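Enquirer: This structure is in structure tokens; I'll ask about it shortly.
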Protein chains: 2
Amino acid sequence: MSKRAQGRGGSIRARNEARILVAAEAVFAEAGFQGATTAAIAARAKLPKANLHYYFGTKQALYRAVLANILDLWLGALDAIRADRQPAEALRDYISSKMHWSRQRPNASKVFANEILHGAPQLGGYLATDLRRRVGQKAVVLRRWARQGLMDPVDPVHLVFTLWAMTQHYADFEMQVRAVLGRQRLTEADYTAATDTIVKLVLDGCKVTSGPPRKAGQGLRRSP
Amino acid sequence: MSKRAQGRGGSIRARNEARILVAAEAVFAEAGFQGATTAAIAARAKLPKANLHYYFGTKQALYRAVLANILDLWLGALDAIRADRQPAEALRDYISSKMHWSRQRPNASKVFANEILHGAPQLGGYLATDLRRRVGQKAVVLRRWARQGLMDPVDPVHLVFTLWAMTQHYADFEMQVRAVLGRQRLTEADYTAATDTIVKLVLDGCKVTSGPPRKAGQGLRRSP
DNA sequence: TCAAGAACTGACCAAACGGTCAAGATTTAG
DNA sequence: CTAAATCTTGACCGTTTGGTCAGTTCTTGA
């Protein structure tokens with residue numbers, strides 16, 4: 001009941017938990033759940049292993065905490081797809097947003113990918129309920145846009161799958177992308193080229209009618 | 001030097017190695033390299049663990065053998081993209097082929113994905129040399145098609161990435177796809193819908209001019 | 001100042017793992 | 001038939017792993 005001790009800048013607990021979560025995300029991304037060792041996570045966080053168990057109890061609990069953090073990130077992006085927006089803008093923003101996170105938080109994407117790849121033992125329930133409902137809502141929007149003639153009637157759920165696949169590919173398969181492009185590290189230009197390619201593929205592929213040329217600072221006028 | 005003993009239908013060695021490889025692919029797909037145990041692979045192959053080490057020596061050697069098998073599969077599909085074909089036909093075939101293998105050999109795709117996801121410790125060299133060269137060759141073809149006005153000038157390498165991403169998504173993220181679609185198992189119709197969506201996205205997205213309606217049995221004249 | 005709670009940690013443990021091996025069973029070539 | 005080669009396998013081993021714990025140090029509210 002009593003509020004936890006909290007120095008400014010976060011209590012000791014909050015600070016150490018955050019530190020451990022960052023280290024854990026990196027190690028889980030590199031090695032997967034089974035391959036990750038609590039010793040490796042502790043070493044990366046520069047804390048004794050026992051300290052890590054003091055805060056999170058078990059490796060699985062720590063893993064779930066990492067996943068929970070990632071989901072918050074993932075859910076945000078889909079908000080770009082709203083019925084009151086122009087499809088071109090919405091899809092462009094969504095793709096940009098996903099590509100942004102693929103670049104800035106590749107480890108988050110990798111941990112998530114690894115979880116699904118191996119049967120989603122922790123996230124299975126979430127996928128079948130929460131995620132499914134959200135995708136269903138976005139499908140309604142996409143179908144409406146198609147009915148209004150703003151885009152071709154593409155299967156909305158499969159369209160979402162392709163968006164996920166293409167954008168997350170640059171985080172999850174980064175090693176392959178780098179190897180094929182012959183890069184030591186992916187550059188800003190690489191991400192721009194990738195984003196442009198995906199945006200073109202989706203907008204032209206769905207024959208999205210680009211709205212009238214708007215000026216910057218789009219005070220999106222609701223369609224009257 | 002002396003040829004190995006080989007009963008008809010395969011020598012004991014060939015038969016057992018094949019049996020172990022099948023089991024290993026499944027277990028590696030489910031659990032990843034580190035998560036897979038030689039005991040689990042042996043149990044699935046219905047052989048004693050020691051027998052497995054008799055044939056493959058180490059877990060890593062077995063894993064490499066599994067990967068080698070998978071690469072043979074993967075390389076075949078790219079052959080669809082040849083300069084002497086119509087882009088629409090070639091791309092459609094490539095997508096269909098990849099989707100076919102995603103459905104028929106999901107474990108192969110998952111093992112491959114897991115390998116790349118965790119930094120390609122075994123395939124790193126292959127990606128940077130063999131795969132890179134092959135993609136480069138296909139990029140030449142795609143650029144030629146663009147120059148000939150048969151399709152828009154999309155960045156060919158990134159286009160290949162999107163093709164890989166979209167098609168392999170249905171194997172690697174099958175659990176998520178099933179959850180969102182609300183299916184216990186993906187049906188023939190699901191794969192058809194997915195393939196159709198991807199094909200439309202790519203062909204319209206690249207503005208591929210569907211060639212003049214050709215008759216079946218296209219006696220494609222080899223460029224002399 | 002000073003208890004009381006929170007945080008810290010080296011040492012330890014049982015279980016699980018990859019891999020080994022010696023000894024026996026089976027197959028094959030001549 | 002027979003001896004060499006191949007195949008089979010239970011038992012075993014050193015190492016690594018996730019997790020525990022008792023004892024200590026640090027932080028904080030009154």
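Enquirer: Rounded to the nearest 500, what is the protein assembly as shown's calculated 222 nm mean residue ellipticity when only DSSP H runs of at least 4 contribute -39500 (n - 2.57) each, over all residues?
Expert: Details: 20 runs with 297 residues, N = 448.
So the helix-based figure for the protein assembly as shown works out to -21500 deg cm²/dmol.
Enquirer: Among A:29-41, B:109-121, A:184-196, A:55-67, how do they line up by average Cβ neighbours within 10 Å per residue, starting with the highest?
Expert: Packing order, densest peptide first, comes out as B:109-121, A:29-41, A:55-67, A:184-196.
Enquirer: Quick one: grab the alpha carbon gyration tensor of the protein assembly as shown, order the square roots of its eigenvalues as a ≥ b ≥ c, and give me rounded if a/c is under 1.5, else prolate or oblate depending on whether a/b is larger than b/c.
Expert: Working: a/c = 1.88, a/b = 1.05, b/c = 1.78.
In terms of gyration-tensor shape, oblate.
Enquirer: Could you give the angle, 0 to 90 degrees to the nearest 10, between helix B:12-35's Cα long axis and the longest principal axis of the Cα atoms of chain B?
Expert: Orientation of helix B:12-35: about 70 degrees from the principal axis.
Enquirer: Would you please classify the overall shape of the range A:9-57 from the alpha carbon gyration tensor, given that a ≥ b ≥ c denote the square roots of the eigenvalues, rounded means a/c under 1.5, and beyond that prolate means a/b larger than b/c while oblate covers the rest?
Expert: prolate
Enquirer: Sticking with this structure for a sec: List the distances, in nm to one decimal, from the label point of B:I12 to the label points of the same position in every other copy, shortest first, placing each label point 7 Å from Cα along the Cα-to-Cβ direction.
Expert: 6.5
Enquirer: Considering every residue in B:162-170, what mean count of other chain Cβ atoms within 10 Å of its Cβ is obtained?
Expert: 6
Enquirer: How much net charge surrounds B:R105 when only the other residues with a Cβ under 13 Å from the Cβ of B:R105 are counted, with Lys and Arg +1 and Asp and Glu -1?
Expert: -1
Enquirer: Now a separate question. To one decimal in nm, how far is B:E89 from the same spot in the other copies, if labels go 7 Å from Cα toward Cβ? Please give the shortest first.
Expert: Result, one decimal in nm: 4.5.
Enquirer: Count, for each residue of A:23-36, the Cβ atoms from other chains sitting within 10 Å of its Cβ, then give me the mean as a whole number.
Expert: So the per-residue partner count for this stretch is 3.
Enquirer: May I ask you to derive the relative contact order of chain B, considering only C-alpha pairs under 8 Å and at least 6 residues apart, and to give it as an integer percent?
Expert: 22 percent
Enquirer: Now for a separate question. Can you list, shortest first in nanometers, how far A:D130 lies from the same residue in the other copies, with each label 7 Å from Cα toward Cβ?
Expert: Computed spacing set for this position: 4.2 nm.
Enquirer: For the rotation that superimposes chain B on chain A, which residue of B has the C-beta lying nearest to the axis, and at what distance in Å?
Expert: B:G205, 2
Enquirer: Let me check against my output: what whole-number percent is the relative contact order of the range A:1-105, with C-alpha pairs under 8 Å and at least 6 apart?
Expert: Value for the range A:1-105: 17 percent.
Enquirer: So, by mean Cβ neighbours within 10 angstrom, what's the order for B:97-108, B:74-85 with the highest one leading? Could the numbers behind the result be given before it?
Expert: Working: B:97-108: 18.8, B:74-85: 15.6.
Ranked from most to least packed, the peptides come out as B:97-108, B:74-85.
We did not get these values from a lab; they are worked out from the coordinates using the rules stated. Quantities reported herein were computed from a predicted structural model and do not represent experimental measurements. Methodologically, a virtual Cβ is constructed for each residue, glycine included, from the backbone with ideal geometry; neighbour enumeration extends over all protein chains shown.
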